[in-house]
């Protein structure tokens, strides 16, 4: 109703409703001047002119350089660091861009197609200048989630370059990561499943499955594990798949007699030596972290340092803002890597006495003495005597407790200026290895197992026999007794002789009538007749029998188990004697086709057993060292090509060194003395094979490596010098001098007359 008049027309009613809402929501221009007159002016005219003036180039530069260089890039994809570094080149363009935005009140329009094509032109200019052609067929665009499919297609069609999807890979690894890392890296699990499915129809023994799992399956994810930390659930899924295949020949259902953790124990303590996926992943990442610590000038180390720990170290770095998945993975192994870091003392200038791990103690490599005020920043270099003639014992007594002093004196001091080095505590040579890191992560402490594990795996028997016997000794053999314990319904009788009762291992392999017939009259049947179970019987035999007899037990049990299965499933019966003859024939055939094993024994000639004269015009120096208590002794004897005694000497040193370090220090002392005599054409003989190998090997990160480097440096002072290993019988004179030197306080040298002892 409008104006008291009813409206019935539909169009009129519509206009009526429309007019009503227009009147309700329309605004009326008010009188602002009345209000503004009540507001006092705060901005003066000169202030207003300052705000309206054109911005200066200095203001734009100040704003750009106030930003953190590695902050998120702008719409052009460039971070603030790019603009700061190339300001002299692109600064004027940036200033013009900002002035246009301020003067127009809006940002410039988005890039046009012509500007997009400019990117291609820039790349073509790079090709012409460098001579390197870009393969656009292998190049990809990466778009954020905010870019529509239409824009993606328009840009890729324009530039003739494809774009990467969510599952795109670069160098074989996923290029994009979101929150669903398990799904992104799930292709590793799928590859494992596919590979195992191809093996399902191959009737492999457990020994064959062991080889395939260790050499193929466990190697498949290692490439990704070098870079990414796999999710825990994904690691466990892969382990479950491998465990199922190991026990049943497929990844499906079936009895899994032991857990994967048990199988991952070393073979010497009853496991199978498989690897835990998660722990091995951490060890692989620790290798990359170690490179960041020790190879600081590589491109990767410089990029990570600039991004995450500028001016600091990887060990003290934080995860930071918006970190990459690779950096997150490396931060996870920061503690593991830090626990294995040690400093090898060279000149001591880079090592802080109180904070750094530099003492030769596996459990606590840091100084336990209280730090004196004012010495917080002191370095190890201040603990040496002048000219690096050894440790200054007066300073050691003043600063350190007895424990620290003893450990410091164990560190050999080089007579050269050697750079301090970071070394890995898990290896004697100081080099990082994934194997040693994995061992540190999993721990070396395992329950004490059967004493025969080590011997069993060393027998010259077919691998499947040893894998079978591992099942026997770990209670994983599917006898009726073990199956019933697992809840499997089966007949309560022996599958070999048919006797009623549980099919225990002791009955099956020792007391069964068929087993006794197979063993014949061998004496080990009578050993351990009072044993209560098979393992007890086996341990008693291991203590008294020869290796060949024990190998016979293993192969015989394998043959009996095979005959037992033939009787249960194929109704075939062989006598015990036939079983044993067949088994022995199989083992003999296998042994014959094996390649002879090279034992790599040291070939000692007659000259290595008895002392022999050197060649004409040469001098031979025999060197030895002795250790014991807090002192060590060094001795050397020099003889000419006629066997005539020319000189001999001995000296001692304080410190509790390893035998290898002492032997190398003895060689160094002898060469230093020979250098002072200006003698050339020297043959050096030592009864320490490890010392000779260390000298000839090359660089090593251990303290023995420093001593070997000292020796190699001294070698340059001789025209000709040859090192050889001999037995103790060919080195008796030097041994006697070294033993006597340990009880002497001063150095002694004899010329042309041998010492009285």
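Of the residues 416, 405, which single one is closer than 30 Å to residue 632 by Cα, modelled with pLDDT under 90 and outside the structural domain of residue 556 (by TED's automatic domain parsing)? Explain how you work it out, then say what you get.
Numbers: 405 fails: modelled with pLDDT under 90.
Just one listed residue meets the conditions, 416.
Do we find a residue being at pLDDT 90 or above, in a helix (DSSP H, G or I) and out of contact with any helix residue (DSSP H, G or I) (no Cβ under 8 Å at 6 or more places or on another chain) anywhere in region 332-340? Write out each step before concluding.
To start, the set of residues in region 332-340 that are at pLDDT 90 or above comprises 332-340.
Still in the running and in a helix (DSSP H, G or I): 332, 334-339.
If we keep only those that are out of contact with any helix residue (DSSP H, G or I) (no Cβ under 8 Å at 6 or more places or on another chain) too, we end up with 335.
There is at least one residue in region 332-340 that is at pLDDT 90 or above, in a helix (DSSP H, G or I) and out of contact with any helix residue (DSSP H, G or I) (no Cβ under 8 Å at 6 or more places or on another chain).
I'd like the full set of residues that are touching a helix residue (DSSP H, G or I) at 6+ places or on another chain (Cβ under 7 Å) and in a loop (DSSP other than H, G, I, E, B), limited to region 205-243. 205, 220, 221, 226, 227, 228, 229, 230, 231 - these are the residues of region 205-243 that are touching a helix residue (DSSP H, G or I) at 6+ places or on another chain (Cβ under 7 Å) and in a loop (DSSP other than H, G, I, E, B).
Here is a yes/no grid of residues against (1) more than 24 Å from residue 343 (Cβ to Cβ); (2) touching a strand residue (DSSP E or B) at 6+ places or on another chain (Cβ under 7 Å); (3) crowded, with 21+ Cβ neighbours inside 10 Å:
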{"residue": "636", "(1), (2), (3)": "yes, yes, yes"}
{"residue": "667", "(1), (2), (3)": "yes, yes, yes"}
{"residue": "684", "(1), (2), (3)": "yes, yes, yes"}
{"residue": "698", "(1), (2), (3)": "no, no, no"}
{"residue": "704", "(1), (2), (3)": "no, no, yes"}
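Residue count for region 381-395, restricted to those that are surrounded by fewer than 16 Cβ atoms within 10 Å (Cβ to Cβ) and out of contact with any strand residue (DSSP E or B) (no Cβ under 8 Å at 6 or more places or on another chain): 6.
Quick check, is residue 99 modelled with pLDDT under 80 and more than 48 Å from the chain's Cα centre (by Cα)? Taking the combined requirement at face value, the residue does not satisfy it.
Scanning region 121-159 for residues that are surrounded by 10 or more Cβ atoms within 10 Å (Cβ to Cβ) and either closer than 20 Å to residue 174 by Cβ or touching a residue at least 24 places away in the same chain (Cβ under 8 Å) (or both) turns up 136, 139, 140, 141, 142, 143, 147, 152, 155, 158, 159.
Screening residue 290 with (1) touching a strand residue (DSSP E or B) at 6+ places or on another chain (Cβ under 8 Å); (2) at pLDDT below 90 gives one miss only, at (2). Would you call residue 723 surrounded by 15 or more Cβ atoms within 10 Å (Cβ to Cβ), free of Cβ contacts under 8 Å to residues at least 60 places away in the same chain and either within 24 Å of residue 631 (Cβ to Cβ) or in contact with a strand residue (DSSP E or B) (Cβ under 8 Å, 6 or more places away or on another chain) (or both)? So residue 723 fits the description; yes.
Being surrounded by fewer than 21 Cβ atoms within 10 Å (Cβ to Cβ) and within 47 Å of the chain's Cα centre (by Cα) is the filter here, so list the residues in region 562-586 that pass it. Can you show your working first?
Applying the first criterion (surrounded by fewer than 21 Cβ atoms within 10 Å (Cβ to Cβ)) to region 562-586 yields 562, 565-575, 577-578, 581-582, 584-586.
Listed by number, the residues that qualify are 562, 565, 566, 582, 584, 585, 586.
Region 593-706 holds helices (runs of 4 or more DSSP H) entirely within its bounds, and those carrying 3 or more residues that are over 26 Å from residue 746 (Cβ atoms) and modelled with pLDDT of 90 or more map to 689-697.
Considering region 8-88, the qualifying helices (runs of 4 or more DSSP H), each wholly inside and each with 1 or more residues that are surrounded by 10 or more Cβ atoms within 10 Å (Cβ to Cβ), within 60 Å of the chain's Cα centre (by Cα) and at pLDDT 80 or above, run over 57-65, 80-85. Determine the pairs where a residue that is touching a residue at least 60 places away in the same chain (Cβ under 8 Å), located within region 240-269, has a partner that is surrounded by 15 or more Cβ atoms within 10 Å (Cβ to Cβ) and assigned to a helix (DSSP H, G or I) with Cβ atoms under 7 Å apart, the partner being 6 or more residues away or on another chain. That search, which allows pairs on different chains as well, returns 255/247; 257/247; 267/453; 267/457; 268/453; 269/453.
Among the residues of region 327-341, is there at least one that is surrounded by fewer than 18 Cβ atoms within 10 Å (Cβ to Cβ), more than 30 Å from residue 381 (Cα to Cα) and touching a residue at least 40 places away in the same chain (Cβ under 8 Å)? Within region 327-341 (the criterion being surrounded by fewer than 18 Cβ atoms within 10 Å (Cβ to Cβ), more than 30 Å from residue 381 (Cα to Cα) and touching a residue at least 40 places away in the same chain (Cβ under 8 Å)), the answer is yes, since at least one residue qualifies.
The values are calculated or read from the model by the stated rules, or taken from the named source; none is laboratory data. Here the structure is a predicted model, which means the values were calculated and not measured. Every residue, glycine among them, receives a Cβ derived from its backbone with ideal geometry; neighbour counts consider all protein chains shown.
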